[in-house]
Amino acid sequence: MKLKCDREEILQALQMVQSIVSSRATLPILSNVLIEAGDEELTLTTTDLEVGMRKTIKAKVTKKGAITLPAKRLLAILRELPVSEMTMEATDQREIVIKYDASYFRVLGLPKDDFPPLPDFLKHRALKTPQKPLSELIRKTHYAISTDESRYVLNGLHLIFSKGRITGVATDGRRLALCEIAANVPEGFDRGIIVPTKAVNELGRILSGDGDAEIFVGENQAAFSANGCTLVARLIEGHFPNYQQVVPQKSEHKLLVDREELLAATRRVALLTSEQSNSIKVTLKKNRLVASSNTPEVGEAREELVISYAGEEFSIAFNPQYLVDALKNLDDKEITLELTDSLNPGVVRSGKSFLYVIMPIRVS
């Protein structure tokens with residue numbers, strides 16, 4: 001293998017794919033990046049056996065070949081190189097020489113044959129959809145994914161492909177985020193999958209352009225392709241809970257609230273909470289929303305927002321971080337806050353496509 005390539009291009013590509021590499025890899029080869037030189041292109045691939053990523057860049061290839069190298073070490077070398085162009089040459093399948101000016105690095109690696117191959121999705125039908133809406137769906141839902149490993153079906157984002165739309169749902173049992181986007185879903189593509197957290201986070205990183213993304217779904221794996229990068233994930237097996245049962249069918253009070261004002265007030269009031277008393281109280285009064293916290297060992301805080309409200313006064317308590325997570329990932333100037341009483345879930349709506357259910361906290 002022998003090629004010339006732009007240092008910045010290969011550095012950016014390696015930075016993208018090396019995030020898949022685990023610091024606690026069970027096999028030495030899983031700490032490596034597979035480097036393949038083909039027809040005028042260089043492909044970098046990493047995997048942890050659950051999630052894999054492949055990125056292709058342009059290169060001046062004079063001899064095709066492949067090798068795997070320690071991803072973190074190669075990244076450290078590329079960051080320090082003082083030149084814009086370099087030569088990479090593999091003398092055999094176990095080492096590569098990186099040359100620039102009169103200097104060089106000789107890096108030891110492992111043969112390609114030991115590297116676990118990523119599945120080929122070329123035979124599967126692809127769903128094409130614009131990147132930006134898909135990226136927004138992930139941003140508006142990912143934070144509600146459960147981290148409780150005992151409830152493994154909640155450790156991912158539930159993507160539902162149905163006629164005319166893609167729905168994303170995430171829940172940890174205390175809150176639920178749902179976002180819908182319009183999509184041209186091919187006939188026969190209708191189904192639901194659960195994408196694991198790591199893959200969801202990586203997918204959010206690769207969806208950065210204005211073009212389309214392609215989605216391929218297999219029996220127990222799925223692939224997402226955009227901007228010359230392909231992400232492959234092993235899907236979570238099992239049945240996602242019936243999330244529609246969690247969504248309140250009606251609410252007593254619907255309030256239009258300035259999103260940034262409520263976000264800022266929640267953040268400030270939350271400063272005077274503690275791990276033992278991690279809740280803020282939202283009180284509705286005539287034309288006012290009062291956010292407050294009162295923690296005996298810390299202190300108290302109070303913020304008032306002007307709203308349109310003429311009902312009876314009542315209070316409800318929430319985990320402030322749950323409110324912040326939703327509000328900071330939305331874009332609309334105003335959101336709709338739906339409340340019934342102190343015991344029933346609250347609902348945040350943004351436009352027609354976003355819904356967030358948050359369970360109240362019982363306080364004495």
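The values are calculated or read from the model by the stated rules, or taken from the named source; none is laboratory data. Note that the structure is a prediction, hence the values are computed from the model and not measured. All Cβ positions, glycine included, derive from the backbone under ideal geometry; neighbour counts span all protein chains shown.
Among the candidates LEU231, LEU256, the residue that is assigned to a strand (DSSP E or B), loosely packed, with under 13 Cβ neighbours inside 10 Å and in contact (Cβ under 8 Å) with a residue 40 or more places away in the chain is uniquely LEU256. Considering (1) farther than 26 Å from PRO248 by Cα; (2) without any contact (Cβ under 8 Å) to a residue 60 or more places away in the chain; (3) in contact with a helix residue (DSSP H, G or I) (Cβ under 7 Å, 6 or more places away or on another chain); (4) of a type outside the set (Phe, Trp, Tyr), the lone condition that LEU157 does not fulfil carries the number (1). Looking at ASP341, ASP325, just one residue is outside any strand (DSSP E or B), more than 30 Å from ILE166 (Cβ to Cβ) and in contact (Cβ under 8 Å) with a residue 60 or more places away in the chain, and that residue is ASP341.
Please find, within segment 215-269, the residue that is farthest from THR336 (Cα to Cα) out of those that are in contact with a Gly (Cβ under 6 Å, 6 or more places away or on another chain) and modelled with pLDDT under 95. First the steps, then the outcome.
Here is the first cut: in segment 215-269, the ones in contact with a Gly (Cβ under 6 Å, 6 or more places away or on another chain) are 227, 232, 236, 253.
Filter once more, so that each one left must be modelled with pLDDT under 95: 227, 253.
Working: ASN227: 35, HIS253: 10 Å.
In this case the residue turns out to be ASN227.
Is it the case that GLU180 is of a type in the set (Asp, Glu) and surrounded by fewer than 17 Cβ atoms within 10 Å (Cβ to Cβ)? So GLU180 does not fit the description; no.
Looking across segment 302-338, the residues that are within 20 Å of SER274 (Cα to Cα) and in contact with a helix residue (DSSP H, G or I) (Cβ under 6 Å, 6 or more places away or on another chain) come down to GLU303, PRO320, LEU323, VAL324, ASP325.
Let's see how each residue does on (1) of a type outside the set (Val, Ile, Thr); (2) over 18 Å from the mean Cα position of the chain (by Cα); (3) assigned to a strand (DSSP E or B); (4) over 26 Å from SER350 (Cα atoms):
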residue	(1), (2), (3), (4)
LYS140	yes, no, no, no
GLU180	yes, no, yes, no
PRO186	yes, yes, no, yes
PHE189	yes, yes, no, yes
ILE194	no, no, yes, no
HIS239	yes, yes, no, yes
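When segment 63-81 is limited to residues that are touching a residue at least 24 places away in the same chain (Cβ under 8 Å) and assigned to a helix (DSSP H, G or I), the one that is surrounded by the fewest Cβ atoms within 10 Å (Cβ to Cβ) turns out to be ARG79.
Does GLY168 satisfy being assigned to a strand (DSSP E or B), of a type in the set (Gly, Ala, Ser) and under 21 Å from LEU327 (Cα atoms)?
Judged against the criteria, GLY168 is a match.
Report yes if ASP331 is over 21 Å from ARG288 (Cα atoms), of a type in the set (D, E, K, R), surrounded by 14 or more Cβ atoms within 10 Å (Cβ to Cβ) and touching a residue at least 12 places away in the same chain (Cβ under 8 Å), otherwise no. So ASP331 does not fit the description; no. Give the residue that is surrounded by the fewest Cβ atoms within 10 Å (Cβ to Cβ), with candidates limited to residues of segment 35-62 that are small (Gly, Ala, Ser) and part of a loop (DSSP other than H, G, I, E, B). Of everything passing the filter in segment 35-62, GLY38 is surrounded by the fewest Cβ atoms within 10 Å (Cβ to Cβ).
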